[in-house]
Ligand SMILES: Cc1cc2nc3c(=O)[nH]c(=O)nc-3n(C[C@H](O)[C@H](O)[C@H](O)COP(=O)(O)OP(=O)(O)OC[C@H]3O[C@@H](n4cnc5c(N)ncnc54)[C@H](O)[C@@H]3O)c2cc1C
């Protein structure tokens, strides 16, 4: 295939790269942005297998969140306080970086708050989480640098019109963005700086035998001095030793709803289910916990077991008095591991990776990209 490229194409489009980044999700594009801003003369290419990014970055819910109390409790069960705090710090700084890189209006950032719901049948668990509010407020203070991050929000239950809700804990520093606008702004920004982004370009193998590495793709062979693998859920295809397992996330969006009262980023069931308002509609997603095995896949798709449960929550609890049609359904795939921290490391001379956002890449992706880019010295 590469023999069909002209001399000019070979010289200008396929070779001479200082850095090739594999994957055009938020991590890969953020790495390219950081490198270009630091060293504008670098020749950087991004290779993306999809027509659009085909992982999670254009498919997510657009929550700018750093953790509800029940989610953080789970994290504390498997990791030290230091590890958990480090991840919260990455999410918070990642969000600050994302906003600074692209601007709040370009990504439609709104700080409407994050809300953790507890249904009537979860009174004991709600009381446990409420009792923990003071502890978490002081635990997060060194990284978030704000007072009273979490508080019980009594008004929100009546205001939102939801049914069967016992308590709500508000995190006043969480918010939401328009994911499509964010990724489109990020792409425009890096392309404006001269980064070449190639779509429909599946990397099949990295051959790093020499100083200039060969990156073998379905379109031809690219040559670069350094490589960043930012393929998240797909990381094992290129670096089999990494502990990254795919986890599909399903989403639906309703038709526009008249006088919609839901406003903000809502978490339910330890973060496994989430919903928000967008353009007078509700976006609702998650439910991976209903079928962990079935959702451990790279394949896009939606399934009745999860979609039916999401619809039940929507019509019985979230908007019990309305029944708008579901107008969109889709899925995206995330990268998970036993360790909840991302993997940012050198794989071999000149080859680096930044993967496994554990479902929090909107928050930490910009920082992850920056950290891996900082490992490259040209
Ligand atoms: C439904 C859903 C909801 C979510 N909601 C949120 C949220 O509200 N807040 C939050 O913080 N996070 C959320 N996330 C997680 C977040 O979207 C991800 O953590 C983040 O997008 C990961 O970014 P990434 O760049 O690491 O990976 P990705 O966006 O997956 O990018 C990796 C890219 O690599 C490409 N690729 C893979 N293999 C190859 C190859 N061999 N050659 C070339 N290209 C390749 C893929 O096509 C893909 O585009 C959600 C995810 C999903 C699926």
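Would you work out the relative contact order for the chain, in percent, from Cα pairs under 8 angstrom that are 6 or more residues apart? Display every interim value, and only then the final one.
Working: 793 pairs, mean separation 97.2, N = 378.
Relative CO of the chain lands at 26 percent.
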Mean projection area, nm², convex hull over Cα of the range 135-268: 14.3
Cα shape, the range 16-130, gyration tensor, a/c 1.5 rule: prolate
For a label point 7 Å along the Cα-to-beta-carbon line of residue 297, residues of the range 239-282 with backbone N under 19 Å: 245-252
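Expressed in nm to one decimal, what extension gain is obtained for the pair residue 207 and residue 316 from 0.36 nm per residue of sequence separation less their Cα-Cα distance? Could the numbers behind the result be given before it?
Working: separation 109, 0.36 × 109 = 39.24 nm, distance 5.42 nm.
Length gained, residue 207 through residue 316: 33.8 nm.
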Which of 292, 222, 13 has the fewest Cβ neighbours within 10 Å, and the rest in rising order: 292, 13, 222
In Å, descending, principal axis extents of the Cα set of the range 1-72: 58, 30, 15
Label point distance in nm, residue 289-residue 81, each placed 7 Å from Cα along Cα→Cβ: 2.6
The range 334-374: C-alpha gyration tensor shape, a/c 1.5 cut-off, then a/b vs b/c: oblate
Separation between Cα centres of the range 51-74 and the range 289-306, rounded to whole Å: 17
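What ranking of 70, 30, 341 emerges when the number of other C-beta atoms within 10 Å of each C-beta is taken as an exposure proxy, fewest first?
Values: 70 22, 30 31, 341 17.
Ascending Cβ contact count within 10 Å gives the list 341, 70, 30.
If I stretch the segment between residue 255 and residue 200 completely, what's the gain in nm (0.36 nm per residue apart, minus their alpha carbon distance), one decimal?
The residue 255-residue 200 span can extend by a further 16.6 nm.
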Between the range 166-207 and the range 227-260, the Cα center-to-center distance that results, in Å: 12
Percent of beta bridges antiparallel (DSSP, the chain, rounded to nearest 5): 75
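Calculate how large, on average over all directions, the projected area of the Cα convex hull of the chain is; give the answer in nm² to one decimal. Please list the in-between numbers first.
Numbers: hull surface 75.8 nm².
The directionally averaged projection comes out at 19.0 nm².
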Residue 123 paired with residue 348, simple spin-label distance in nm, labels 7 Å along Cα-to-beta-carbon: 6.2
Rounded if a/c under 1.5, otherwise prolate or oblate - the range 111-212, Cα gyration tensor axes: prolate
Fewest-first ranking of 226, 331, 78, using other Cβ atoms within 10 Å as the exposure measure: 78, 331, 226
Max mean-square fluctuation residue, GNM over the chain, Cα-Cα springs under 10 Å, options 137, 289, 199: 289
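Bear in mind these aren't lab numbers, they're just calculated from the coordinates by the rules spelled out. These numbers come from a predicted model, not from an experiment. As a convention, Cβ positions derive from the backbone with ideal geometry for all residues, glycine included, and neighbour counts pool all protein chains shown.
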